[in-house]
Structure formats: structure tokens, C-alpha cells
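Following: one structure in C-alpha cells, then a few remarks.
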Amino acid sequence: MASTSSKSSRELELEHKIRLLEDEFNKEKLKTSALSTLIDIAEWDLQIDIKKSVVPNNKHAAHILPNCQPV
């Protein structure tokens, strides 16, 4: 990559934005993982299903999976 002195302010700004977005993305991945683990533990501990399972031919799933046809 070019040296800092030869980069335009726009390039530096974009690189900074990329770093911020990567940081935000990594935080969201960690949050998603933590919430998924929390749900798994709650399901195991309480012996209940929390996660919604989508059945492809379910008429209620048609809006979630556009290619599904209601039965």
C-alpha cells in the first residue's frame, strides 16, 4: 500500500471508516455469539425451545422464505 504521505485525505478518511466498520462488525459478531450462547443455556436449563424453527412448507413462513408456497 502507498505510504501515508502519498495518500489523499479521502483515502485516509476511507481507511479510518473501514477500521471503524470492522470494529463495529466484530462487536456485533461477539454480541450475536453471546446471545446465541445465552439462548442455548436457557433452552438447556429450562428444557424449553426458544429458537424459532422455520418449516419450509409452513404457511406462516411464506413471508420469511419467499420461495415457500403455503400448504
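All of the numbers you see were taken from the coordinates with simple rules; none came from a lab. Quantities reported herein were computed from a predicted structural model and do not represent experimental measurements. We place every Cβ from the backbone using ideal geometry, glycine too, and count neighbours over all the protein chains shown.
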### Message
Net charge around ILE39, counting only other residues with Cβ within less than 13 Å of its Cβ (Lys, Arg = +1; Asp, Glu = -1)?
### Response
-1
### Query
Summing Lys, Arg as +1 and Asp, Glu as -1, what charge do residues with Cβ under 15 Å from the Cβ of GLU11 carry, GLU11 excluded?
+2
